[in-house]
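Below is one structure, written out as structure tokens, with a few remarks after it.
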Amino acid sequence: MRKNFGRRDFLKLSGAAAALAASGCATLGGTKARVVVVGGGYGGATAAKYIRLWDPSIEVVLVERANIFTSCPISNLVLGGSKTMEDIRHSYDGLRRHGVQVVTDEVTAVDAAKKVVKLEHGGDVSYDRLIVSPGIDFMFGEVAGYEDAMKAGRVLHAWKAGAQTIALQKQLAAMKDGGVFVLSVPLAPYRCPPGPYERASQVASYLKKNKPRSKVLILDANPDVTSKGPLFKKAWAELYPGMIEFRGNSKAVGVDPKTNTVKLEVEDVRGDVLNVVPPHRAGDIAVKAGLITANNRWCGVDWRTMESTAVKGVHVLGDATLSAPGMPKSGSMANQQAKVCASAVVALLSGRQPNPDPKIVNTCYSFVSDSEVIHVASVHQWDAGQNTLIPVKGAGGVSAARNELEGKYGWAWAQNIWQDTLG
Amino acid sequence: MRIALVCAVVLAAAPLLAGAQDAARDLAASCAMCHGTNGRSAGGNEPLAGMAKEDLVRKLNEFRSGAKPATIMHQISKGYSDQQIDQVAAYFAAQKK
């Protein structure tokens, strides 16, 4: 049953749209279509806003389970102590000012044949096009004992910013001087390639000031630091000498909260705080909606429109996608993909061809201390021969060296992407 | 009937107008992540809205050549053709400050 969000009810809310419909130009200037967006992170929020910016005649309904946005980027600085949870939380009111109908609810199912999503509380919502930006969920089964230990609060990932960020900060604050903070990194691909190494830097920054006899031990399933390796290693050696130990090829296969250990394939490693990030995949709703196309984990898309390769009329954004070559899973990329999607959706709903030649940019700033930053940047363009987005040769790169000027630009990036996504 | 006819004519014209404008708008939208939506900066990075077209073209070319020192823009600007830089600069020049 279409309880709360039938088309007729939405029309009632919109006097201007109803007036246009009555004028006889409904297909041109009136409410010509409804787009439902699932997930209000960097991808979903940006798509919702830009569709309204580029075609205000389209109704946009954003369904998000949280009533506030919490940013993963910058959340490591909350652990470091230079930023607070307040700094990374932002209201959805900005989207409402653009006419986005923000609904706090959970999507429990997608019926792509009937073009309807089912909400846990709000009934059914019909759509003309659906955008799914579900983020990630974890493959807890890959790390034996993880889920129980996490529920007991003995091991945390804090790889979705929010309650676990706060909980991890508390564990760090309660750790004894001389303790070991263990950070376990899953095999790539995972959300935010440089994220673990920024986290190690921020935890070390906190420990250096507050508990200088302590250590950070990185147990990385990958052979080496996945992103900006030389820059991170130089920062660790110079800013936190002897405090950060990196061990590659060290995949966590289990955790034991009784002995405070992370189990690797060949040994057990004890720690005082266990920050274990399990492997992840596209968020649960992508699984339920049949959007997973690769390795039971990721959603294949046409990069010109972000439309699913599995389900017509459904677009997928962000970390949930099967990444194009050289493309990281990042907030920047989700924001950029959302604009490709918004442009395509607006065109398709108007009977026009989508932009055949999209080009997007990734910028990622990592804070190696309170004030110093290193970046990685890349430009990605459509390649008809390879049928995907590929990095533009000769463009992009990393910082020459960590520096405070980019500390300012890194914070400016955060301010601007928050405004661009939500404001 | 007359209204319907007007609608039909406007609809038919829309695809012809949209292509180039959309291409410029879409390219410029990438910049918004750091420079604010439509180039209206939320602070910390240079606003691009309302910047004279020739000024932005010159700056981007100087980034590309290395004549203008940069932390990141020398790397990003190299990803764009002369024509694309022209499109992006024209788009931002037309935005309200």
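General observations
- Shown for A:Phe246, B:Phe92: other C-beta atoms within 10 Å of each C-beta, ranked fewest to most, produce the order A:Phe246, B:Phe92.
- Per the Cα gyration tensor, region A:366-423 maps to an equivalent ellipsoid with semi-axes of 27, 17, 7 Å, ordered largest to smallest.
- Positive minus negative residues near A:Thr84 (Lys, Arg vs Asp, Glu; Cβ under 14 Å): 0
- If R0 is 60 Å, the Cβ-Cβ spacing of B:Asp55 and A:Val266 corresponds to a FRET efficiency of close to 0.50.
- Descending semi-axes in whole angstrom, ellipsoid equivalent of region A:171-274, from the Cα gyration tensor: 20, 19, 10
- Other residues lying with their Cβ under 13 Å from the Cβ of A:Gly326 contribute a combined charge of +1, Lys and Arg counting +1, Asp and Glu -1.
- Three semi-axes describe the equivalent ellipsoid of region A:217-258; taken as square roots of 5 times the Cα gyration tensor eigenvalues and ordered largest first, they are 23, 14, 6 Å.
- Per-bin percent of Cα-Cα distances, region A:219-374 [10 Å]: 9, 26, 28, 22, 11, 3, 0
- Working ranking of peptides B:35-47, A:400-412, A:52-64 by packing, defined as the average number of other Cβ atoms within 10 Å per residue, highest first, is A:52-64, B:35-47, A:400-412.
- Solvent-free Debye calculation, one equal scatterer per alpha-carbon of region A:54-112: log10 I(q)/I(0) at 0.15, 0.16, 0.20, 0.29 Å⁻¹ equals -0.62, -0.68, -0.85, -1.12.
- Among beta bridges from DSSP that stay inside chain A, the antiparallel ones total about 55%.
- Stokes-Einstein diffusion for region A:307-423 at 20 °C, viscosity 1.002 mPa s, with a Kirkwood radius from C-alpha pairs, works out to 136 µm²/s.
- Above-threshold pairs, the threshold being 21 Å between Cα atoms, out of A:Lys83/A:Lys209; A:Lys49/A:Lys359; A:Lys208/A:Lys233; A:Lys234/B:Lys59; A:Lys176/A:Lys209; A:Lys176/A:Lys251: A:Lys234/B:Lys59; A:Lys176/A:Lys251
- For chain A, a Gaussian network of Cα nodes joined below 10 Å ranks A:Glu198, A:Glu372, A:Glu307 by mean-square fluctuation, and the top entry is A:Glu372.
- Within region A:118-143, backbone nitrogen closer than 19 Å to the virtual label 7 Å beyond the Cα of A:Thr309 toward Cβ: A:132-134
- Loop-located trypsin sites (Lys or Arg not before Pro) in region A:211-282, at most 14 other Cβ atoms within 10 Å (DSSP): A:Arg213, A:Lys258
- Legend: ranking of residues A:His98, A:His157 from fewest to most surrounding C-beta atoms inside 10 Å; resulting order A:His98, A:His157.
- Inter-chain Cβ neighbour average for residues A:353-360, partner chain, 10 Å: 5
- Averaged over peptide B:19-27, the number of partner chain Cβ atoms lying within 10 Å of each residue's Cβ comes to 5.
- Net +/- balance of residues flanking A:Ala286 in space, Cβ distance below 10 Å, scoring K and R +1, D and E -1: +1
- Distance between region A:149-212 and region A:242-257 - C-alpha centres, whole angstrom: 12
- Put in line by how crowded their Cβ is, counting other Cβ atoms within 10 Å and starting with the fewest, A:His380, A:His121 read A:His121, A:His380.
- For the protein assembly as shown, a crude dipole built from +1 on the beta carbon of Lys and Arg and -1 on the beta carbon of Asp and Glu, taken about the Cα centre, is about 700 debye to the nearest 20.
- Debye equation applied to the C-alpha atoms of chain A, log10 I(q)/I(0) at 0.06, 0.08, 0.12 Å⁻¹: -0.26, -0.45, -0.97
- Computed E for A:Ala144/B:Lys68 - FRET, C-beta separation, R0 51 angstrom, nearest 0.05: 0.40
- Once the Kirkwood radius over Cα pairs is known for region A:95-210, the Stokes-Einstein relation at 37 °C and 0.692 mPa s delivers a diffusion coefficient of 183 µm²/s.
Read-outs throughout are calculated quantities, based only on the coordinates presented, and are distinct from any laboratory measurement. Since the model is a prediction, treat every value here as computed from it, not as a measurement. Cβ: placed from backbone, ideal geometry, glycine included. Neighbour counts: every protein chain shown.
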